[in-house]
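Working notes for the structure below.
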Amino acid sequence: MSRVLSGIQPSGVLHLGNYLGALRRWVQRQDVDDAYFCIVDLHALTLDIEPEALRSQTLDAAASYLAAGLDPDRAVLFVQSHVPEHTSLSWLLECTASYGELLRMTQFKDKGKGQASVRAGLLTYPVLMAADILVYDAQRVPVGDDQRQHIELARNLAIRFNGRYGETFVVPAADIPDVGARIMDLQQPTKKMSKSTSTPQGLINLTDSPDEIARKVRRAVTDTDNEVRYDTEAKPGISNLLEILASATGAGPDELADRFSDYGSLKGAVAEAVIELLRPVRESYEELSSDPGTVRAALAKGAEKAQSVAGPVLARAQDAVGLLK
Ligand code: TYM
């Protein structure tokens, strides 16, 4: 059994990219791995967010975890800020990371662009993410493709810390799927689907109704030659639809391309597959939204278990750097 850890920011309703790139794969892991999944509320503070929105979105994200099929009896589900060991370890890792390597993170460059004032937390964000992972001795981190560079940093920090202070951390590896690791915006298929940058039409939310999903897929941007072919460079819109269908059905994108002779029939099949994939998640989410007690109970149980694992790892790191006991 290997230890896995991953997290999602509560910065809005979760979307199809979060589901295919991360959440759905976590559900498959909970029976085979020793699994830890958190809602990274502290990471959401790196950009502007209203206090009430943060609180309600944290609970909504937890409801989405449960609705997607994560089970508090089979995986440890918790909120990052409920386990203060993450932030304590983060400081030790900030003193391990260099300013230059944090400046080179592409997400920092993208998210900081055009902002009059950039929060220091946006720069140190990947260090807190490294702490999230290292404080559980996690071996694997199931994420989408956009997190690759952050996991590489977590690896480098673990290796550097171990080299300087002696074996302390497990060096984690990214676990990125072959298909569905980078779902693109339906309106701008050269950009990834994202809660912070996509327009409502470019994004499929886990809570969208079947009609909304069908409409968004029907209006997805394609090209004009009407040839169904998987070619992410020349045909990003069609390739994204094929990738979504592949991820939903388990067939390969090239093989699927051969089955469709026009864009209309491909879009019809994608809409149907996504509607059926998300139907149970949406139905269960609606039930859980009116039952915050169940969601909170799952989180309380998860925080207790998480802390029992994180506490000794933090103590090991504090001892290694020479903090007085
Ligand atoms: P976040 O909240 O942006 O995304 C959560 C997960 O969803 C994946 N994802 C996608 N996958 C495919 N296509 C997309 N368009 C798409 N958009 C998002 C992400 O790759 C991610 O797996 N920094 C992280 C959160 C984090 C974390 C961690 C992850 C904090 N600490 C520790 C793993 C381990 C983030 O902002 O993800």
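Condition test on Lys113, is it touching a His at 6+ places or on another chain (Cβ under 8 Å), at pLDDT below 95 and either more than 8 Å from the ligand (Cβ to nearest atom) or open to solvent by 20 Å² or more (accessible area, probe 1.4 Å) (or both)?
In short, no.
Tally time: how many residues in region 8-38 are over 21 Å from Lys192 (Cα atoms) and not basic (Lys, Arg)?
Within region 8-38, residues that are over 21 Å from Lys192 (Cα atoms) and not basic (Lys, Arg) number 11.
For region 120-177, which positions are without any contact (Cβ under 8 Å) to a residue 24 or more places away in the chain, in contact with a Pro (Cβ under 7 Å, 6 or more places away or on another chain) and of a type in the set (A, V, I, L, M)?
If the condition is that a residue be without any contact (Cβ under 8 Å) to a residue 24 or more places away in the chain, in contact with a Pro (Cβ under 7 Å, 6 or more places away or on another chain) and of a type in the set (A, V, I, L, M), then Ile151 is the only one that fits.
Can you tell me which residues in region 9-36 are surrounded by fewer than 24 Cβ atoms within 10 Å (Cβ to Cβ) and in a strand (DSSP E or B)?
Across region 9-36, the qualifying residues are His15, Asp34.
Working only within region 37-48, note down all residues that are part of a loop (DSSP other than H, G, I, E, B) and within 13 Å of the ligand (Cβ to nearest atom). Quick ask: steps written out before the conclusion?
Pass one, region 37-48, residues part of a loop (DSSP other than H, G, I, E, B): 40, 45-48.
Correct list: Val40, Leu45, Thr46, Leu47.
Which one is nearest to Ile183 (Cα to Cα), of the residues in region 255-279 that are open to solvent by 60 Å² or more (accessible area, probe 1.4 Å) and either touching a residue at least 40 places away in the same chain (Cβ under 8 Å) or among the basic types (Lys, Arg) (or both)?
Arg279
Just need a number here: residues in region 313-325 that are loosely packed, with under 13 Cβ neighbours inside 10 Å and at pLDDT 95 or above.
Final tally of qualifying residues: 3.
Do you know which residues across region 221-237 are open to solvent by less than 40 Å² (accessible area, probe 1.4 Å) and touching a Lys or Arg at 6+ places or on another chain (Cβ under 7 Å)?
Hit for region 221-237 is Lys235, nothing else.
Residues to consider are Thr197, Thr106, Thr190, Thr124; find the one that is open to solvent by less than 50 Å² (accessible area, probe 1.4 Å) and either more than 30 Å from Thr222 (Cβ to Cβ) or of a type in the set (Val, Ile, Thr) (or both).
Thr124
The values are calculated or read from the model by the stated rules, or taken from the named source; none is laboratory data. Keep in mind it's a predicted model, so treat the numbers as computed, not measured. Here Cβ is always computed from backbone atoms with ideal geometry, including for glycine, and neighbour counts include all displayed protein chains. Areas reflect the complete protein model, heavy atoms only, side chains present, ligands, DNA and RNA absent. Shrake-Rupley method; radii C 1.70, N 1.55, O 1.52, S 1.80 Å.
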